[in-house]
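The values are calculated or read from the model by the stated rules, or taken from the named source; none is laboratory data. This is a predicted model, so every value here is computed, not measured. A quick note on method: Cβ atoms are made from the backbone with ideal geometry, for glycine too, and the neighbour counts reach across all protein chains shown. Accessible surface areas use protein heavy atoms only, side chains included; no ligands, DNA or RNA. Shrake-Rupley method; radii C 1.70, N 1.55, O 1.52, S 1.80 Å.
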Amino acid sequence: MFILSLALLGQSAQIDADIGKAARRCAAAFTVDAKRRGVNPLRTASQIGYLGLAAARAEGAGNDVLLASASKVLNQASSLIPAATRNSSAIAIACDKRFPLARATAPAPLPSDPADRDILCFAAITLQAGAAAQLPNPATLKSIEPLMARFSDRFDAAIDSKGLPVGALLDAIRSLPDRGNAETIYLSCKQLPA
């Protein structure tokens, strides 16, 4: 009986091959699992934001609609939360295998080129600040603002040195899922010397 129960649990936790569908289901499961485990809301936002970006990219969203598409994905995922509640832990485990960087917590690797690194850092910090601004505790955003100010100057210098348009920020946001979630990149950037 126990083995049959485990087999049924494993079957119910299979993740769709389609990245968009899988990301939506995983965002719902991660949301439920995070609430159950008491995960910091900013960390949860970073983790599900990773999934929103991954889905938007996979579904062909251009830079002009990337963030709106990622937000739409997450809104659609919220409708899956009731179903995810039943077996969120099993789904989350399967999602961790499918999207290993989504719930990573260790600092992410940064590009070796200083300009590319500064552009990526500003992108991740911008997303973290945007998520923090939605949280009820203003201290969270206040804690991010000094790093955002530091990397804002670095971002401007980096795009100037490479001759890039300001749209380079969206290119960097698009690339985030290749390196980690916004929080893990933020943590790496925070460790850089001023």
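For the subset of the stretch 12-33 comprising residues that are β-branched (V, I, T) and either surrounded by fewer than 24 Cβ atoms within 10 Å (Cβ to Cβ) or outside any helix (DSSP H, G or I) (or both), which member is farthest from the chain's Cα centre (by Cα)?
Filtering the stretch 12-33 for residues β-branched (V, I, T) gives 15, 19, 31-32.
Keeping just the survivors that are either surrounded by fewer than 24 Cβ atoms within 10 Å (Cβ to Cβ) or outside any helix (DSSP H, G or I) (or both) gives 15, 19, 32.
On the way: I15: 18, I19: 14, V32: 16 Å.
The qualifying residue farthest from the chain's Cα centre (by Cα) is I15.
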Pair list, Cβ < 7 Å and 6+ apart or interchain, from the stretch 137-153 residues that are assigned to a helix (DSSP H, G or I) to residues that are of a type in the set (D, E, K, R): L147/K190; F151/D118
Can you work out which of the residues in the stretch 97-120 that are hydrophobic (A, V, I, L, M, F, W, C) and under 17 Å from L51 (Cβ atoms) is nearest to the chain's Cα centre (by Cα)? A102
For the stretch 66-96, which positions are free of Cβ contacts under 8 Å to residues at least 60 places away in the same chain and within 17 Å of the chain's Cα centre (by Cα)? A68, S69, A70, S71, K72, V73, L74, N75, Q76, A77, S78, D96
I'd like to check which helices (runs of 4 or more DSSP H) are fully inside the stretch 34-131 and have at least 2 residues that are open to solvent by 20 Å² or more (accessible area, probe 1.4 Å), out of contact with any strand residue (DSSP E or B) (no Cβ under 8 Å at 6 or more places or on another chain) and within 29 Å of K190 (Cβ to Cβ). 41-58, 66-78, 88-98
Determine which member of the set L170, L176 is outside any loop (DSSP other than H, G, I, E, B), open to solvent by 40 Å² or more (accessible area, probe 1.4 Å) and not charged (D, E, K, R). L170
